[in-house]
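Written out below as structure tokens is the structure these notes cover.
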């Protein structure tokens, strides 16, 4: 081992400081190639016959990309065609320094065995280490280091037996001067795009190429469209002095020329700055962190109420902007004006690959096309592709490369195709990607932590657990459920008291903290249920087999056992890890039948009856305490088993047994929450539901008033009581509608760490403390709660992250985010299936109720389908009827008829597929008949619909 | 900005060492003629000078004398130019006092003090350049100086720091590693018997990992002891050749 030292000088704020670091050079770093006989390596990564069909390099070769190639062309490198690549340490470190996401992706490729990516630690190798020469910049030194390493490799691999066609090393760089210098030393060196274009076997890779700087000049005219962004140093100085504000850029969904920047102030006071017009938006993209400068007060404007979509043919860059801007300026009242600003600099881009569709250019031979993202807040992106004809009609993913100041649109490149638009699989993929739901198959690393099958219970396991196999435990779930995570039992004790047990799948026994499986589950956060599909949080072996508490098999459980009297008062609570053997897996309907069937008297039925009796008492007590029973319509699709298309749709029914299971789950959650909070006041993971601000209830109170019903919202109890008595004769659905409205007034319930917050109250359940314990198979929060509880009862050991409130709180943030996104994805999935359903149905006439009244529309709820839709009264192509909106009612007078909340109406429902990317359900009024508005006959309908009716 | 990657996937540390490898250790004994014993030791870029006086009669207050063994008096100091930013005072601050105390405890465990009742042994250590592992370098240098002074010891006292990164113990941390948020542990060992003279740790570490960490530290200390042993033998050979 050889040793040498480098001296590095570093300056830090205030002064000059000399930092001396040791740098050891070694002769035991191997080249990692199968061909090599010199190196004494145990395993090799690079293959002997490293062939890619390339017209430039017909011989087998290894690739050595330089830093910029990795940074900009990671999409290409990720393609499985690219193999046998040497990543130099110099490159890896530079990438790490410059872009964390690219670094992560690069590491993922390196870890993939089949890809044959080898990391060569050239900086510590005796023969490839170079020192920076005087006057040489750090970048130049790194470039030289890369050349030296490539040179070393090419000489090292030149063995006698490999002839002239032997293995070679090909350096890939986009830097002209670097390329020249490399050629001087006799290296095989190509530009990255040259090389990729030479791959005769895989022409499609060319589209993945990111546009490099010199290409951009060709693509756009020389006219400068946007003001220059300020350099970061100026931006920071500006923010410090207060002349600029820093915030997150949020593009408007409805108007592409408008956006708001959300400026996070100290504590509660945050402001929003309005930005209008292309120039002022200045190339910021949704979710970027930007610096904005406020305009003088006299230039402040009001948010426009116009819906504006950037569509039509690709506008040339020299299009007259005035024309675009004109639409914006509406009438300005002093009060409506808001703080308005312009973007002066981008602090951090938050670009991700976007899903969407290609607008094929009108010119047939053109290779440049515009791409329209599915998310309306993202601008259209210009990409270059030769496969436009195949990609048209497909959903594709595109990444943005940059947005030069002389280009109307950002430039990007094609990443991959997701499949045909409108197809179920494709659309599911799109909605998962757009909602950021991790849905890849589990990696090998994750699967390696699964228990070995066939799995059996060992005597050691038994010794640590209580044997509850003799108990008559059963589970009650929706039909078709395979991830059963809860089971119940109830029996009478000798002292006349009742013993009730809730047994929860012991997932934390299989998922140990900190391993890849745990990390993956923590990242996924929750299982996502789409219509007819489930995106698991943990691999299927666990979710549907080893953890699932199926009947007649022995399973590990975490049990919460209470001793209760017949008044459902808890006398004793006990938690234990156990082994159970469920006697039956029932559906809600089956369980209900057993309870109702007086002839049945077996143990399971008795146990169910006992549970049911207690649950009713518990529920009554809970409601007396002020818990809310809210309502939202959930629909369920009957899916055709062959085509997986929805064939029927019904709203979910609730049975007594539903609430029976729910009641005990709530009880278990509350008991556990209390226990872990007592034990770990600083680091317990709890769930809270904040009380909504009183103003949230305005809409509810107004709506009820219109029917002469008073709603009190002073407390949860008052609300619950007044909802209970709210009834209108001859209008049975009124109460449900009110509850639906009340649900909309609520806040989101969130996970939090007890050490970081002081308000624990759960408003909806009227419980002072609450957590999630009962579904560890599908929620990660429950796994953490299991671990905390296991430590609290001494059944498991702790680990540092569990007790760290900051880490815990970071985890909560992720869980809350994933939870929210999964709900959105679920809703989107239901919406998509509803569309599929109506696609096959044509037009349907249904009865509905007015749920909200807006300025130009009413929102109608169809109880039969749980579907909500908007009926617009003004459309683009015809004169709008006279509309009078009364905010106090709220009511809307259309011509002669006045609409109030809760009015009963009849509508026709159909699918509007004029825009294939955004299909939507369209509703039109049929009753009450208003001339010129309602649609008694096809003539009065919008274009898309007419065609359908004719058919 | 990403922090430093302390251990790469290939198993190399910042300076190119592997997890268990020590920095290069170089040492000389008998560097001063006036002192009873002295030594100079470099461990990578950390450099220390140790001087030993004694055993001699108690100086200063005689009341501190112990009737059954010698008193060990340690003083630790750092040269003002030893760190990247110039130090204000070379010794007497809190950190130095604590370090002096640790050294004292370490050597009380190793030196056979009962042979010299009512006397005193002075050990002065100065760090000339600091690049991590100050305590262990001081202990190693002082050991050589004590040996040079001819004071009987139970065994060499060898010390080494270990850190814990990505479930792997790293031996002999340099400054960049120490300041990179690693929980580090310093351990002084009497290698032949495997007795621990001192363990010191300020950072948080999960209990499960402690054993592996101590294990790694002991192996590292044994490596250090081999080097020190060689230095002593070399030194003896040189001096005896001269005296012949």
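The values are calculated or read from the model by the stated rules, or taken from the named source; none is laboratory data. Given the structure is predicted, the values throughout are model-derived calculations rather than measurements. Virtual Cβ from ideal backbone geometry, glycine too; neighbours counted across all protein chains shown.
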Given B:35, B:39, which one is away from every other protein chain (no Cβ under 14 Å) and either assigned to a strand (DSSP E or B) or without any contact (Cβ under 8 Å) to a residue 12 or more places away in the chain (or both)? B:39
Given (1) under 21 Å from residue B:62 (Cα atoms); (2) within 14 Å of another protein chain (Cβ to nearest Cβ), index of the condition residue B:83 fails: (1)
Reported set for segment A:787-821 where residues are more than 18 Å from residue A:510 (Cβ to Cβ), part of a helix (DSSP H, G or I) and within 14 Å of chain B (Cβ to nearest Cβ) is A:800, A:801, A:803, A:805, A:806, A:807
Which of the numbered conditions does residue B:173 fail, given that it passes all the others? Conditions: (1) in contact (Cβ under 8 Å) with a residue 24 or more places away in the chain; (2) within 30 Å of residue B:86 (Cα to Cα); (3) outside any loop (DSSP other than H, G, I, E, B). (3)
Selection count, segment A:114-148, where residues are in a helix (DSSP H, G or I) and more than 14 Å from every other protein chain (Cβ to nearest Cβ): 13
In segment A:557-574, which residues are surrounded by fewer than 22 Cβ atoms within 10 Å (Cβ to Cβ) and either on the phi < 0 side of the Ramachandran plot or touching a strand residue (DSSP E or B) at 6+ places or on another chain (Cβ under 7 Å) (or both)? A:561, A:563, A:565, A:566, A:567, A:569, A:570, A:571, A:572, A:573, A:574
Residue identified as modelled with pLDDT of 85 or more, under 23 Å from residue A:254 (Cβ atoms) and not in a loop (DSSP other than H, G, I, E, B) among A:412, A:356, A:345: A:356
List the pairs whose first member sits in segment A:722-741 and is in the same structural domain as residue A:903 (by the TED database) and within 11 Å of residue A:849 (Cβ to Cβ), whose second member is crowded, with 19+ Cβ neighbours inside 10 Å and modelled with pLDDT of 80 or more, and whose Cβ atoms are under 7 Å apart, counting only residues at least 6 apart or on separate chains? none
Among the residues of segment A:149-165, write down those that are assigned to a loop (DSSP other than H, G, I, E, B), at pLDDT 60 or above and surrounded by fewer than 18 Cβ atoms within 10 Å (Cβ to Cβ). A:158, A:159, A:160, A:165
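Here's the yes/no breakdown for (1) in a strand (DSSP E or B); (2) modelled with pLDDT under 85; (3) touching a strand residue (DSSP E or B) at 6+ places or on another chain (Cβ under 7 Å); (4) within 21 Å of residue A:373 (Cα to Cα):
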| site | (1), (2), (3), (4) |
| --- | --- |
| A:227 | no, yes, no, no |
| A:239 | no, no, yes, no |
| A:274 | yes, no, yes, no |
| A:315 | no, yes, no, yes |
| A:325 | no, yes, no, no |
Consider segment B:71-109. How many of its residues are part of a helix (DSSP H, G or I) and free of Cβ contacts under 8 Å to residues at least 40 places away in the same chain? 11
2 or more residues more than 22 Å from the chain's Cα centre (by Cα): qualifying strands (runs of 3 or more DSSP E) within segment A:463-548: A:473-477, A:486-492, A:498-505
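Working carefully through the options A:104, A:151, A:158, find the one that is over 22 Å from residue A:23 (Cβ atoms) and more than 14 Å from chain B (Cβ to nearest Cβ).
Residue meeting the stated conditions: A:158.
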Where the second residue is buried (at least 21 other Cβ atoms within 10 Å of the Cβ) and in a strand (DSSP E or B) and the first is away from chain B (no Cβ under 12 Å) and at pLDDT 90 or above and lies in segment A:77-99, which pairs have Cβ atoms under 6 Å and are six or more apart or on separate chains? A:85/A:63; A:85/A:117; A:86/A:62; A:86/A:64; A:86/A:120
Condition met for residue B:177 (within 14 Å of another protein chain (Cβ to nearest Cβ) and surrounded by 21 or more Cβ atoms within 10 Å (Cβ to Cβ)): yes
For the structure I just gave you, tell me whether residue A:578 is touching a strand residue (DSSP E or B) at 6+ places or on another chain (Cβ under 9 Å), in contact (Cβ under 8 Å) with a residue 24 or more places away in the chain and part of a loop (DSSP other than H, G, I, E, B). no
Is it fair to say residue A:506 is at pLDDT 90 or above, in the same structural domain as residue A:611 (by the TED database), touching a strand residue (DSSP E or B) at 6+ places or on another chain (Cβ under 6 Å) and under 20 Å from residue A:582 (Cα atoms)? yes
Specify which of the listed residues (B:146, B:157, B:162) is crowded, with 18+ Cβ neighbours inside 10 Å and under 19 Å from residue B:6 (Cα atoms). B:162
Among what's in segment B:4-26 and is within 21 Å of the chain's Cα centre (by Cα) and facing chain A (nearest Cβ under 9 Å), pick the residue that is surrounded by the fewest Cβ atoms within 10 Å (Cβ to Cβ). B:24
Which one is modelled with the lowest pLDDT, of the residues in segment A:381-396 that are surrounded by fewer than 14 Cβ atoms within 10 Å (Cβ to Cβ) and outside any loop (DSSP other than H, G, I, E, B)? A:389
Checklist (1) outside any loop (DSSP other than H, G, I, E, B); (2) surrounded by 17 or more Cβ atoms within 10 Å (Cβ to Cβ); (3) more than 12 Å from every other protein chain (Cβ to nearest Cβ) applied to residue B:47, failing item: (3)
